[in-house]
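Below is one structure, written out as structure tokens; the observations come after it.
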Amino acid sequence: NLVFNHLSFDIPEKTFTAIVGASGSGKSTIAKLLLRFWDVTTGEIDIGGVDIKHIEPKKLNELVGFVGQDNFLLNLTFKENIKLGNPEATDEAVEEAAKLAQCHEFITKLPNGYDTNVGSVGDKLSGGEKQRVTIARMILKDAPIIVLDEATAYVDPDNEQKIQEALNALTQNKTLTVIAHRSSTIKQANQIIVLGNQQILEKGSHKQLLDKNEHYKQMWDMHMNSKDWG
């Protein structure tokens with residue numbers, strides 16, 4: 001089954017692109033294609049004019065950082081989990097990334113601080129705390145392109161502000177693509193791409209799309225109260 005037909009768009013360097021659409025419209029599929037979890041069957045995805053199929057996996061991994069809704073913390077120490085972003089990083093760099101990601105404070109309160117094993121306290125951590133550790137890992141990685149399958153979609157309000165601050169630190173001066181599930185995230189985007197029926201229905205800034213008074217405007221009005229794109 002085709003997920004997309006004639007899908008084509010550009011993401012200029014160091015801009016913020018949001019991708020929205022109803023459930024099942026293929027938003028997260030785009031994230032997976034950018035990361036080469038899957039490959040396109042026709043056409044190509046280019047970074048800097050080079051088809052990503054021709055970029056070595058290690059190099060592509062260095063170019064693109066991904067933050068998803070699932071927080072993959074391994075059964076290692078917090079320090080080791082964060083250093084997965086850059087195994088060469090110093091302890092000072094790990095702490096700096098953790099501070100920027102708003103997780104230094106809770107890690108230092110753990111029995112052995114950064115040397116605490118994640119598995120030993122895993123059930124005591126909130127989803128938001130785990131999320132901030134994965135963001136610290138990406139800050140340490142310092143990839144020029146960030147793909148965000150919206151990390152705040154299922155986070156409790158107490159954590160949301162801290163996660164937003166962590167994401168702001170992560171995405172500074174980056175090329176950012178957000179798979180958006182909530183309306184509040186995307187008003188500042190340089191371009192918003194609205195998906196539906198295996199294609200792009202419309203694209204433009206928040207204001208441009210509201211002025212067009214079509215698909216995006218309907219979605220915006222419908223979800224203004226729930227702040228949930230589904």
Failed condition for T152, given (1) open to solvent by 50 Å² or more (accessible area, probe 1.4 Å); (2) at pLDDT below 85: (1)
Test result for F9, over 29 Å from S126 (Cα atoms), assigned to a loop (DSSP other than H, G, I, E, B) and not basic (K, R): yes
Residue list for the stretch 65-89, filter: open to solvent by 30 Å² or more (accessible area, probe 1.4 Å) and farther than 14 Å from D142 by Cβ: Q69, D70, N71, F72, L73, L74, N75, L76, K79, E80
Residues being closer than 17 Å to R132 by Cβ, surrounded by fewer than 19 Cβ atoms within 10 Å (Cβ to Cβ) and among the β-branched types (V, I, T) - total across the stretch 90-117: 2
Those residues of the stretch 159-198 which are open to solvent by 20 Å² or more (accessible area, probe 1.4 Å) and of a type in the set (A, V, I, L, M), in sequence order: A169
Tabulated pairs, the stretch 124-141, first more than 9 Å from C103 (Cβ to Cβ) and modelled with pLDDT of 85 or more, second assigned to a helix (DSSP H, G or I) and open to solvent by 20 Å² or more (accessible area, probe 1.4 Å), C-beta under 6 angstrom, 6+ apart or interchain: I139/L100
Residue tally, condition over 16 Å from F72 (Cβ atoms) and either assigned to a helix (DSSP H, G or I) or under 22 Å from the mean Cα position of the chain (by Cα) (or both), over the stretch 109-125: 7
Test: residue in the stretch 24-45 that is open to solvent by 20 Å² or more (accessible area, probe 1.4 Å), in a loop (DSSP other than H, G, I, E, B) and among the basic types (K, R): yes
Unique match (being of a type in the set (G, A, S), modelled with pLDDT of 95 or more and touching a His at 6+ places or on another chain (Cβ under 6 Å)) among A89, A93, A98: A98
Breaking point among (1) within 19 Å of D142 (Cα to Cα); (2) surrounded by 11 or more Cβ atoms within 10 Å (Cβ to Cβ), for G48: (2)
The stretch 1-23 - residue that is of a type in the set (G, A, S) and touching a helix residue (DSSP H, G or I) at 6+ places or on another chain (Cβ under 9 Å) and, of those, surrounded by the fewest Cβ atoms within 10 Å (Cβ to Cβ): A22
Residue match in the stretch 199-210 (condition: part of a loop (DSSP other than H, G, I, E, B), surrounded by fewer than 20 Cβ atoms within 10 Å (Cβ to Cβ) and modelled with pLDDT of 85 or more): yes
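The values are calculated or read from the model by the stated rules, or taken from the named source; none is laboratory data. Fair warning: this is a prediction, and the values are worked out from it, not measured in the lab. Neighbour counts run over all protein chains shown; Cβ positions are idealised from the backbone, glycine included. Please note that ligands, DNA and RNA were not included when accessible areas were found on the heavy atoms of the full protein model with its side chains. Shrake-Rupley method; radii C 1.70, N 1.55, O 1.52, S 1.80 Å.
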